[in-house]
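The values are calculated or read from the model by the stated rules, or taken from the named source; none is laboratory data. For clarity, every value in this text was computed on a predicted model and none was experimentally measured. Cβ coordinates were reconstructed from backbone atoms using ideal geometry, including for glycine residues, and neighbour counts include every protein chain displayed. Ligands, DNA and RNA are excluded from the accessible area calculation, which covers all protein heavy atoms including side chains. Shrake-Rupley method; radii C 1.70, N 1.55, O 1.52, S 1.80 Å.
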Amino acid sequence: MPRPSNAIDVPDPERGSFNPNRPPGLLLQAQALHMREALLKHLEELAFVLAIDPKSLKTEGDVSAYIHRATAVLHTHVPRPRRM
Amino acid sequence: MNAGLNNLKHIVVLMMENRSFDHMLGGLSLVREGGKQKYPGINGLTGNESNPDAQGNIVKVQPNAKFQGQLDPDPDHHFPGVDLQIFGVPPGPGRVANMQGFVKDYFQQTNDVRRSHNIMYYFTPDQLPVLSTLATQFAVFNGWFSSIPGPTICNRAFAHYGTSFGQVGMDIFYILDPIPSIYERMIQAGHTAKIYYYDQQSSTMEIVNLLKNQPQLFATYPQFIADCERVALPDYSFIEPCYNDHTGDGGGEILASDQHPDHNVQEGEKFIARIYNAIRTNPALWETTALLIVYDEHGGIYDHVVPPQCEPDGYSAKPADTGTGEAFNFDRLGIRVPAILVSPYIPKGTVVPGPEDPTKGRSFEQASIPATVTNFFLSGDVKRTIREKNANTFLDLLSDQKRPDADIPYFNVKG
């Protein structure tokens with residue numbers, strides 16, 4: 001679609017506005033705390049998978065279940081399988 | 001149903017951070033043309049609103065707001081602070097909500113009388129061409145309030161769940177009751193829904209429940225732009241701005257676009273314009289999408305409208321949690337925030353009356369978001385709070401008439 005000639009210009013922030021050294025406010029501090037809490041689930045999941053000795057897997061079914069769990073830890077956008 | 005509703009396929013919500021209605025849009029009421037108010041229906045500022053400062057001086061609202069560097073430290077917007085802002089005095093018998101405690105509260109943080117006046121500053125419409133244009137070209141709400149007189153996390157929870165499950169602060173909360181998020185409701189019913197956060201450095205403010213347990217609901221801002229281009233938006237989209245200044249994956253400077261003090265307000269204007277343009281420039285999407293731009297809460301900044309009472313949602317926050325020494329039963333809304341509904345089916349210059357109009361006025365809040373999405377897309381018995389069931393919805397603002405394309409603004413955004 002062609003851009004209309006009566007378009008409204010949106011000004012840029014002043015140069016020098018970027019400041020990653022700004023101290024984090026309470027919202028960002030809370031976000032980081034929430035992130036940490038969320039990660040604990042992954043730690044628990046990772047510990048569960050790492051506790052399984054791959055050499056103990058006796059069947060293709062056992063191996064596929066293990067690989068499923070490991071992949072799900074690595075690819076977090078894929079829903080996790082239920083624990084057996 | 002009218003044409004606007006018949007054509008509607010997508011609802012998009014962009015939730016910004018921590019600015020009050022009067023701070024961002026109150027100046028529209030002071031614009032004059034031909035000796036009269038240009039936007040008479042908007043319940044903004046008269047210029048005479050005031051608060052006492054710590055020395056008892058009267059501090060009027062002033063058009064002195066700056067894009068950055070003025071609201072540092074971050075104004076208090078936690079429950080006890082907002083309580084003082086609304087009532088002007090600490091909890092006690094007989095007090096009345098009067099919106100007289102903003103300067104007092106900011107003085108407690110700054111310990112500087114002059115700086116405490118900054119909380120009364122507002123932007124002029126020409127400073128905010130995007131928000132002001134959208135507010136005057138589409139529908140602006142005179143009565144959209146944050147759900148809780150408190151901070152971000154609990155208010156955003158109302159947008160996702162229609163309740164904060166009793167939380168009034170920033171603490172981690174868990175879903176104790178079987179109330180699914182609006183995204184879960186949609187997906188369970190065979191619809192599509194996504195939360196688009198800016199990037200992984202910024203991420204989401206809905207972490208512990210949705211990001212932790214349902215990561216498939218999330219995508220990023222570049223994906224939103226791509227989904228707009230392909231006309232592949234989900235039925236319901238919730239967009240989160242960038243919450244911090246950081247270096248991008250390619251090494252570039254990425255500014256926070258959430259407008260949370262003390263982040264640059266102009267960067268937020270650019271972000272709003274980009275979201276709008278992404279929908280506006282695709283005719284198939286433009287005709288079928290309603291975009292709500294709303295702020296989660298007021299961020300401690302002055303607004304003159306007393307928050308109304310509301311339907312309790314069945315929860316109660318204990319005195320130890322509110323920090324005021326009193327329990328809170330979720331029976332009063334938080335402070336008013338900017339909210340604008342955009343669609344080609346909204347008549348130009350629509351103003352949705354709020355509490356200032358005792359006959360036609362309606363109050364909206366963040367629970368109005370899942371209430372609207374649920375009522376439009378879903379049928380049957382959806383498990384949700386009484387608060388959400390009774391929340392006002394906003395799609396009745398869509399009309400039968402599509403506005404001509406030449407009548408619709410477009411924004412030139414660099415970068």
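Computed values, structure above
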quantity	calculated
Rounded, prolate or oblate (a/c below 1.5 giving rounded, otherwise prolate when a/b exceeds b/c) for segment B:174-213 by Cα gyration tensor	oblate
Cα gyration tensor category, rounded, prolate or oblate, for segment B:253-401 with a/c compared to 1.5	oblate
Residue-by-residue Karplus 3J(HN,Hα) for segment B:62-74, coefficients 6.51, -1.76, 1.60, Hz, glycine and proline x	9, x, 10, 5, 10, 5, 6, x, 10, 10, 10, x, 4
R0 of 22 Å, Cβ-Cβ distance B:Lys60-B:Glu311: FRET efficiency to nearest 0.05	0.05
Space enclosed by the convex hull of the alpha-carbon atoms of segment B:80-184, per residue, Å³	168 Å³
Coil-residue trypsin sites (Lys or Arg not before Pro) of segment B:92-198, DSSP, other Cβ within 10 Å capped at 15	B:Arg95
Nearest-0.05 FRET efficiency for B:Gln200 and B:Ala284, computed from C-beta distance (R0 22 Å)	0.15
Low-density loop cleavage sites - chymotrypsin sites (Phe, Trp or Tyr not before Pro) in segment B:122-182, where at most 13 other Cβ are within 10 Å (DSSP)	B:Tyr174
Segment A:3-38 and segment B:1-75: distance between their alpha carbon centers, rounded to Å	20 Å
Model label zone, B:Asp321; criterion: amide N under 20 Å from point 7 Å along Cα-to-beta-carbon; scope segment B:204-224	B:206-210
Sparse-neighbourhood loop sites, trypsin sites (Lys or Arg not before Pro) in segment B:275-371 - DSSP loop, at most 13 other Cβ within 10 angstrom	B:Lys348, B:Lys360
Per residue accessible area in Å² of segment B:66-128, where ligands, DNA and RNA are left out and the probe is 1.4 Å	43 Å²
Calculated SAXS-style log₁₀ I(q)/I(0) at q = 0.17, 0.20 Å⁻¹ - segment B:1-146, Debye, Cα scatterers	-1.04, -1.30
Prolate/oblate/rounded label for chain B (Cα gyration tensor, a/c 1.5)	rounded
Mean separation of Cα contacts under 8 Å, 6 or more apart, over the residue count of chain B: relative contact order %	27 percent
Cubic angstrom per residue, convex hull over Cα atoms of the protein assembly as shown	175 Å³
Max mean-square fluctuation residue, GNM over chain B, Cα-Cα springs under 10 Å, options B:Asp177, B:Asp400, B:Asp262	B:Asp177
Added length on full extension, which subtracts the Cα-Cα distance from 0.36 nm per residue, A:Val63 to A:Asn19	10.9 nm
Among B:Thr350, B:Thr359, B:Thr374: highest mean-square fluctuation, GNM of chain B, C-alpha pairs under 10 Å	B:Thr359
Separation of the B:Thr359 and B:Gln223 label points, Cα + 7 Å toward Cβ, nm	4.9 nm
Nonlocal amide H pairs with B:Tyr121, under 5 Å, H built at 1.01 Å	B:Gln62
Difference of contour (0.36 nm per residue) and Cα-Cα distance, A:Ile8 to A:Leu40	6.8 nm
Relative contact order for segment B:1-147, counting Cα pairs under 8 Å that sit 6 or more residues apart, in percent	26 percent
Extreme residue, positive dipole direction of segment B:1-90, given options B:Asn7, B:Gln62, B:Gly88 (C-beta unit charges)	B:Asn7
C-alpha center-to-center spacing [segment B:350-415, segment B:142-177] in angstrom	19 Å
Value of [θ]222 nm, deg cm²/dmol, for chain B, DSSP H segments ≥ 4, -39500 (n - 2.57) each, nearest 500	-6500 deg cm²/dmol
Value of relative contact order over segment B:268-382, rounded to a whole percent, pairs C-alpha under 8 Å and six or more apart	23 percent
Reduction of at least 40 Å² in accessible surface, 1.4 Å probe, comparing all protein chains with the chain by itself, residues of segment A:22-40	A:Arg22, A:Leu26, A:Leu27, A:Leu28, A:Gln31, A:His34, A:Met35, A:Glu37, A:Ala38
